[in-house]
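J.: Dropping the structure in here first, questions after.
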Amino acid sequence: MERCPYSKKCSGCQLQNLTYKEQLQLKQVKMIRLLGRFCHVKEIIGMETPFNYRNKSQYAFTYKNGRILSGIYQSTTQKVVEVKNCMLEDKCAEGIVQTVRKLLLKYKLKAYDLHTQKGFVRHVLVRKGFKSGEIMVVIVTADGEFLSKEDFTRDLTNIHKEITTVVWNVNPTDTPLFLGKNNTALYGKGYITDELCGLNFRISPNSFYQVNSLQAEVLYSIAKDCSRLTGNETVLDAYCGTGTIGLTMANKAKRIIGVELNCDATNDAKANAALNHIENATFYNEDAGEFMTKLAKKKETIDVVIADPPRAGCSKEFLKSLTALYPKRVVYISCNLETLERDLSILSKAGYNVRSIQPVDMFPYTNHIECVVRLERKSN
Ligand code: SAH
């Protein structure tokens with residue numbers, strides 16, 4: 001049974017034909033097959049209402065018979081597929097994207113065409129604070145002058161009073177759906193603030209933020225439980241993004257050290273510590289592997305490492321220094337089972353036992369799987 005008329009062309013929901021229960025079963029089986037040899041895999045935690053959970057939407061623009069249309073960019077075909085009322089996204093995005101499309105026409109702004117490399121507006125990103133309701137709209141363009149940006153922004157925010165900030169981002173390279181480094185706030189603060197696990201977080205356009213806020217709270221509370229903090233531990237939050245995980249653990253730890261490669265996210269993390277009056281957290285803007293190596297050289301004492309790397313998993317350097325530091329506990333949060341399996345094998349050989357594996361369904365209707373793994377050092 002297909003729920004979405006665009007499913008075949010869009011292919012964003014790979015599990016479209018399965019009921020939600022079947023999807024969870026499929027993910028559970030996959031988890032057991034790949035990771036069952038390490039430890040028992042707990043039952044996956046699903047969502048009560050697995051729709052409209054995405055707090056982030058990205059739409060590209062293109063031309064069809066002289067008309068501008070908006071849709072999902074497909075990396076496989078390099079085409080824009082027109083999609084309306086996506087069942088995974090927050091409902092706020094649809095109207096805003098359609099208005100942006102109309103304003104492109106009104107202000108004679110050209111959509112950027114990857115094939116001819118002509119045009120100006122590449123895509124639009126809409127992010128919503130799930131609890132705060134704050135909405136950020138990022139207009140991503142090629143290099144050049146954004147003529148009539150004041151009028152464009154005034155119209156957009158007049159039509160959509162719910163928008164709290166509009167940002168102009170310049171991406172000079174042909175990397176579809178990516179943001180460039182340069183942001184200019186055209187309206188509002190230039191970021192949104194949202195609440196997760198009782199804390200407030202500032203999120204800038206280029207910072208990573210879990211797309212499923214409801215399940216992120218579940219994920220973070222499991223990670224906190226797995227950390228088994230008593231108040232005396234020094235915790236390293238590696239690949240920390242805007243500091244969300246470490247900061248939610250700060251009241252149970254002696255000290256939190258966060259490391260993150262993205263400069264904007266690190267600045268958000270520092271601001272988030274201050275925003276929540278947390279004084280025992282420090283954040284560093286560095287490559288996690290290099291940072292770990294320095295800690296290992298200095299023979300720092302780290303009690304718990306939280307690792308939440310991107311899909312590529314942890315770097316070899318990171319894992320090598322982690323095992324040199326030999327913290328008593330590692331909590332590994334992963335969005336890619338293949339790299340997780342690789343890294344768990346390395347850590348198992350280097351003196352760790354995998355003690356628990358808890359999958360959380362962060363991405364219903366897609367085949368992505370997320371899980372939290374607790375590893376304990378073998379010797380004490
Ligand atoms: N823990 C955060 C972010 C997880 S996403 C959260 O839950 O929100 C992974 C993060 O790793 C991203 O913020 C990304 O910018 C960062 N990252 C990617 N490569 C990195 C590296 N080599 N060193 C440190 N951080 C890195």
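The values are calculated or read from the model by the stated rules, or taken from the named source; none is laboratory data. Computed from a predicted model, the values in this text were never measured in an experiment. FYI the Cβ positions are ideal-geometry reconstructions off the backbone, even for glycines, and counts take in every protein chain you see. Each accessible area value is taken on the protein alone, full model and side chains, heavy atoms only, with ligands, DNA and RNA left out. Shrake-Rupley method; radii C 1.70, N 1.55, O 1.52, S 1.80 Å.
J.: How far, in degrees from 0 to 90, does helix 337-349 lean away from the longest principal axis of the Cα atoms of the chain, to the nearest 10?
T.: Tilt relative to the chain: about 20 degrees.
J.: Rounded to the nearest percent, how much of the accessible area of the chain (1.4 Å probe, protein heavy atoms only) is carbon and sulfur?
T.: The C+S portion of the solvent-accessible surface of the chain is 52 percent.
J.: Then there's this: Nearest 5 percent is fine: what portion of the DSSP beta bridges confined to the chain is antiparallel?
T.: Bridges in the chain that DSSP calls antiparallel: roughly 60 percent.
J.: Normalized C-alpha radius of gyration of segment 177-242, against 2.2 N^0.38 Å?
T.: 1.39
J.: Rule-of-thumb check for segment 107-183: C-alpha Rg over 2.2 N^0.38 Å?
T.: Normalised by 2.2 N^0.38 Å, the Cα Rg of segment 107-183 equals 1.14.
J.: Once the other residues with Cβ under 12 Å from the Cβ of Gln58 are scored (Lys, Arg +1; Asp, Glu -1), what is the net sum?
T.: Around Gln58, the charge tally is +3.
J.: When the convex hull of the Cα atoms of segment 192-320 is projected onto a plane and the area is averaged over all directions, what value comes out in nm²?
T.: Hull-based average projected area comes out at 7.3 nm².
J.: While we're on this one: Can you tell me the orientation of helix 92-106 relative to the chain, as the angle in degrees between its alpha-carbon axis and the longest Cα principal axis, to the nearest 10?
T.: With both axes taken from Cα atoms, the answer is about 40 degrees.
J.: Taking the Cα atoms only, what angle lies between the long axis of helix 316-325 and the longest principal axis of the chain, rounded to 10 degrees?
T.: Taking Cα atoms only, the helix is inclined about 40 degrees.
J.: Here's a follow-up. In a Gaussian network model over the chain where Cα atoms closer than 10 Å are linked, find which of Ile159, Ile72, Ile44 has the largest mean-square fluctuation.
T.: Top of the fluctuation ranking is Ile159.
J.: While we're here: ³J(HN,Hα) across segment 352-363 via Karplus (A = 6.51, B = -1.76, C = 1.60, θ = phi - 60°), whole Hz, x for Gly/Pro?
T.: Couplings: 10, 9, 7, 9, 7, 10, 10, x, 10, 7, 8, 9 Hz.
J.: Give me the three principal axis extents of segment 232-273 from the C-alpha atoms, as integers in angstrom, largest value leading.
T.: Dimensions of segment 232-273 along the principal axes of its Cα atoms: 30, 16, 11 Å.
J.: Relative contact order (percent) for segment 219-359, with alpha-carbon contacts under 8 angstrom and 6 or more residues of separation?
T.: For segment 219-359, the relative contact order is 22 percent.
J.: A follow-up question, please. Mind computing the radius of gyration and Dmax over the alpha-carbon atoms of the chain? Å is fine for both.
T.: 21.7, 69
J.: Still on this structure: For Lys349, which lysines qualify as cross-link partners when the Cα separation must be under 27 Å and same-chain residues fewer than eight apart are set aside?
T.: Lys27, Lys30, Lys42, Lys224, Lys294, Lys297, Lys298, Lys299, Lys316, Lys320, Lys328, Lys378
J.: Sticking with this one: Between beta-carbons, use under 12 Å as the cut-off and find the net charge around Cys314, counting Lys and Arg +1, Asp and Glu -1.
T.: Neighbourhood net charge equals 0.
J.: With the chain treated as a Gaussian network of Cα nodes joined by springs under 10 Å, which of Asp308, Asp237, Asp155 yields the largest mean-square fluctuation?
T.: Asp155
J.: So, one more: Count charges around Gly198 for me, please; just the other residues with Cβ under 11 Å from its Cβ, Lys/Arg as +1, Asp/Glu as -1.
T.: -1
J.: What relative contact order, as a whole-number percentage, does the chain give when Cα pairs under 8 Å and 6 or more residues apart are counted?
T.: It comes to 15 percent, rounded to a whole number.
J.: Hey, got the Cα dimensions of segment 56-196 along the principal axes, in Å, largest first?
T.: 41, 33, 27
J.: Among Asn280, Asn169, Asn200, whose mean-square fluctuation peaks in a Gaussian network model of the chain (Cα, cutoff 10 Å)?
T.: Asn280
J.: Among His160, Leu109, His368, pick out the residue whose Cα is farthest towards the positive end of the charge dipole of the chain, where Lys and Arg carry +1 and Asp and Glu carry -1 on C-beta, about the Cα centre.
T.: His368
J.: Then there's this: Search the structure for amide H atoms under 5 Å from the amide H of Ser148, placed 1.01 Å from N in the peptide plane, and list their residues when 5 or more places away or on another chain.
T.: none
J.: How large is ³J(HN,Hα) for each residue in segment 273-289, as worked out from phi by the Karplus curve 6.51 cos²θ - 1.76 cosθ + 1.60 (θ = phi - 60°), to whole Hz, x for Gly and Pro?
T.: Karplus-based 3J(HN,Hα) across segment 273-289 equals 4, 5, 4, 9, 6, 9, 9, 9, 10, 10, 10, 10, 9, 8, 5, 4, x Hz.
J.: Tabulate in residue order the Karplus-calculated ³J(HN,Hα) for segment 19-26, using 6.51 cos²θ - 1.76 cosθ + 1.60 with θ = phi - 60°, rounded to whole Hz; enter x for Gly and Pro.
T.: 6, 5, 4, 5, 4, 5, 4, 4
J.: Counting only residues 5 or more places away or on other chains, whose amide H sits under 5 Å from the amide H of Arg54 once H atoms are built in the peptide plane?
T.: Glu89, Asp90
J.: What order do you get for 173-183, 78-88 when each peptide is scored by the mean count of other beta carbon atoms within 10 Å, highest first?
T.: Descending mean neighbour count gives 78-88, 173-183.
J.: What is the antiparallel percent of DSSP beta bridges lying wholly in segment 68-213, to the nearest 5?
T.: If I count the DSSP bridges inside segment 68-213, around 75 percent turn out antiparallel.
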